[in-house]
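One structure is given below, encoded as structure tokens.
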Amino acid sequence: KASDDLKLVTQFEFQTWWGVETTTANGAGGGGDIDTDGDNLVVRYAYLDFNLGKDVNVKVGQQLFKDTFGGLYADADLPMARVAYKAGNYTLGMGYSRFNDEQVTGGLVDQYRGNNAADLYALENTYALNKDTKVGLSYYLNRDDSGANAVAPALDVERKINTFGVFGQTKMGALDLSGFAAMQKGFSHFSDGTKARHNAWAANVLAKMKMGNGLARTGFLFTSGNNSDSSIHGWQTLSSNNTSASQNSYNESGMMLLVRNTSMGGTSNDNYLRKPITNIALLHMGYNANLTEKLYANGNVGFAWIPASDALYGATDTVGVTGAFTTAQTAKSRNGSDLLGTELNVEVGYKLYSNLTLKAQAAYVKLGGAYDGTAVGVKDPSDPWTLRAGAFYSF
């Protein structure tokens, strides 16, 4: 911190599996074997945060970007430039990020930097009606030209998706209500020369209330899934190389396994049933209990369905079929039901010191009919579960 108006923000990550010597598929570094000499230190944040007068704040560099829909569109670390302008009760946020830049050489044509890139443009409007209520309107444009084809430029993949949404939050005594509704329009141009339109939407509502010595929470999230017509109806997140990335989240769910939740699992734990979070209806309830000044316990239950579950996991109608399954046979089949699963989880924490908290977590998911008959002759998957322990130090 250089002054009240200027600071440099940095954050580093160590990602190591005990006993792992080389870089692993999930991005964790080496350094977990004998002598721990591998490369496992990465820079997560490195950005300048400064004010221009009293009304304008600027953030430039590698930083966390989380959209106004609770992270459902994007919750990721990006190289980005952001400006926030505040005028009374109104705040205008603008941002730009280039998070993939493919320089294509060879083939029929050489292309310069920036010709084939994935970009994000953000425009966020928030207005505080009073100290307890705020509403907003946001627009995000993701233009992805990073999937270039050096041999046949006419077959370059391209994606352009516009995301519009409204959001709001209000407090009424002990009750805190919030929610959003968003829609997506755009197109994808694939490597085989075909095109498809995107028509997707998502919405949620969340309620929190102080009860006893804790906080009760409940909410419902819906994101559209992809149907079998010519348009793509699945909710999209940021695209790189014409592919929807997995860095969106729904932390308010309290889930550890059903959907990506960075607040419960940490930044490097990505073992979720829905990642990226799309094609899901999720009803969740939970309670955060403060048992003593140092001891707390949180419990959650979630019920998840998949709106578009036709052949999602390869379930196939086997009546009269003796050989390999054809595309047509697979396409007309369905999973057992739309029910993805039911999750129960609990977290217990103890504040050993003012800046050190010990945590233990446990979660179990009873899989639903969406996993029935995933493949002929293959046993249905077992119900997933997890046990975790961690020490969290803040300074």
- Item | Complete set of residues in the stretch 221-249 that are part of a loop (DSSP other than H, G, I, E, B), over 24 Å from Arg98 (Cα atoms) and hydroxyl-bearing (Ser, Thr, Tyr) | Ser224, Ser228, Ser230, Ser231
- When the stretch 47-65 is checked residue by residue, the ones that are in contact (Cβ under 8 Å) with a residue 12 or more places away in the chain and open to solvent by 40 Å² or more (accessible area, probe 1.4 Å) are Leu48, Phe50, Asn51, Asp55, Lys59, Val60, Gln62, Leu64
- Task: Check the stretch 100-109 and report whether any residue there is outside any loop (DSSP other than H, G, I, E, B) and either closer than 25 Å to Arg143 by Cβ or at pLDDT 90 or above (or both).
- Result: yes
- If you take the residues in the stretch 172-220 that are assigned to a loop (DSSP other than H, G, I, E, B) and under 27 Å from Gly136 (Cβ atoms), which one is least open to solvent (accessible area, probe 1.4 Å)? Ala174
- Kindly list, by first and then second residue, each pair from a residue in the stretch 293-305 that is on the phi > 0 side of the Ramachandran plot to a residue that is open to solvent by less than 30 Å² (accessible area, probe 1.4 Å) and in a strand (DSSP E or B), limited to pairs with Cβ atoms under 8 Å and residues at least 6 apart or on different chains. none
- Subset of the stretch 344-360 [crowded, with 17+ Cβ neighbours inside 10 Å and under 21 Å from the mean Cα position of the chain (by Cα)]: Asn345
- Query: Which of (1) surrounded by 14 or more Cβ atoms within 10 Å (Cβ to Cβ); (2) free of Cβ contacts under 8 Å to residues at least 60 places away in the same chain; (3) more than 20 Å from Tyr127 (Cα to Cα); (4) not aliphatic (A, V, I, L, M) does Glu158 not meet, given it meets every other one?
  - Reply: (2)
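The values are calculated or read from the model by the stated rules, or taken from the named source; none is laboratory data. Just so it is clear, the model here is predicted, and its values are computed rather than measured. Glycine also receives a Cβ, built like all others from the backbone with ideal geometry; neighbour counts cover every protein chain displayed. Just the protein is used for accessible areas: all its heavy atoms, side chains included, with ligands, DNA and RNA removed. Shrake-Rupley method; radii C 1.70, N 1.55, O 1.52, S 1.80 Å.
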